Amino acid sequence: MKPAGPALALLLALSPALRAEESGTRATASHGESGAVRVSSDSGLVLMDLFLNTVALGMDLAALESAAPPAPHSAYAQRVRDDDSYWRQPRRQMDAREGLLLSFGLGGGSAYLSSQGPGRTGAFDLDFRLGYGFSDRFQLFMDFGVDAGRYPQSTDFASWTFTVRGQTVLVGDRAGNGLSLNAGIGIGGVDYNDGYYGNYSSSTGLALAGGLSYDARVTPWFALSPELFLNWHQIPNSPGLPHDVASTYGVRLNFLWYLK
């Protein structure tokens, strides 16, 4: 059995469960002590379900492609058991960026929250990615990133985004080294700690994110990938008030694996 088989079965098994959980979930509203209304919805489950279905479809197509017989001139047949009467079709070689994608990144940058005034402040960045590479030219992954910092007025914050992204290689080689561009859409929010009223969270809003990275292969399955990144998302307010926004740009170092 190919390594992609168990992963595909797992994705197909998870997808109905997520849809069932989504169908049984309803939006809820809660009132804090300050009178603000926070609304949470199942947007994350919708994005997760969409991501899993897309990855499962792509893996299914990749399996069909690998099972198709190659062109007669593409490669030489391979002999088995030294038996001249039995020949098998050669296996298709997987691309360097093909397979289960797993990434963990650390970095820092400059953050801006319009609810805290016009200034920017430094932020620590943490990022996690899980997805699938369909070929050297296209990868799809879900990204969860957190940018944490502190404003001079003693307000600690953690701005987070959950996005589904596509990635393409701009310039690269067959070994997996190269310059890549990724971009995606999802949801985001902010958690605060002002030291007086404790922790409180904003409502979730639309998020956009992207990055420009360079993969430097250390082994055939592992790469170091420095990245310039940009995250932006809305911070919804009560009806009748304009929305606030949060944005962060900076540099991070990703530890990237492609598991065949």
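The values are calculated or read from the model by the stated rules, or taken from the named source; none is laboratory data. Please read these numbers as outputs of a predicted model, since none were measured by experiment. Here the Cβ positions follow ideal geometry from the backbone for every residue, glycine too, while neighbour counts run over all protein chains shown. In case anyone asks, the SASA skips ligands and DNA or RNA and just uses the protein heavy atoms, side chains included. Shrake-Rupley method; radii C 1.70, N 1.55, O 1.52, S 1.80 Å.
Below are the figures for this structure:
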| read-out | value |
| --- | --- |
| Matching residues, the range 159-181, being among the basic types (K, R) and open to solvent by 20 Å² or more (accessible area, probe 1.4 Å) | R174 |
| Filtered residues of the range 209-260 (kept if among the β-branched types (V, I, T) and farther than 25 Å from M94 by Cα) | I235, V245, T248, V251 |
| Count - residues of the range 144-158 that are more than 16 Å from R252 (Cα to Cα) and buried (at least 17 other Cβ atoms within 10 Å of the Cβ) | 4 |
| Total residues in the range 145-176, condition at pLDDT below 95 and among the aromatic types (F, W, Y) | 2 |
| Residues of the range 191-244 satisfying the condition of being of a type in the set (V, I, T) and exposed (fewer than 15 other Cβ atoms within 10 Å of the Cβ) | V218, T219 |
| Any strands (runs of 3 or more DSSP E) falling wholly within the range 163-260 and containing at least 2 residues that are under 23 Å from L130 (Cβ atoms) and touching a residue at least 12 places away in the same chain (Cβ under 8 Å) | 178-193, 205-219, 222-235, 244-259 |
| Unmet criterion (only one of (1) surrounded by 15 or more Cβ atoms within 10 Å (Cβ to Cβ); (2) modelled with pLDDT of 95 or more; (3) out of contact with any Gly (no Cβ under 7 Å at 6 or more places or on another chain)) for G184 | (3) |
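Quick grid of which residues meet (1) farther than 17 Å from L224 by Cα; (2) touching a helix residue (DSSP H, G or I) at 6+ places or on another chain (Cβ under 7 Å); (3) of a type outside the set (D, E, K, R); (4) surrounded by fewer than 16 Cβ atoms within 10 Å (Cβ to Cβ):
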site: M94; (1), (2), (3), (4): yes, no, yes, no
site: L101; (1), (2), (3), (4): no, no, yes, no
site: G109; (1), (2), (3), (4): yes, no, yes, no
site: L113; (1), (2), (3), (4): yes, no, yes, no
site: P118; (1), (2), (3), (4): yes, no, yes, yes
site: A123; (1), (2), (3), (4): yes, no, yes, no
site: R129; (1), (2), (3), (4): no, no, no, no
site: R137; (1), (2), (3), (4): yes, no, no, yes
site: M142; (1), (2), (3), (4): yes, yes, yes, no
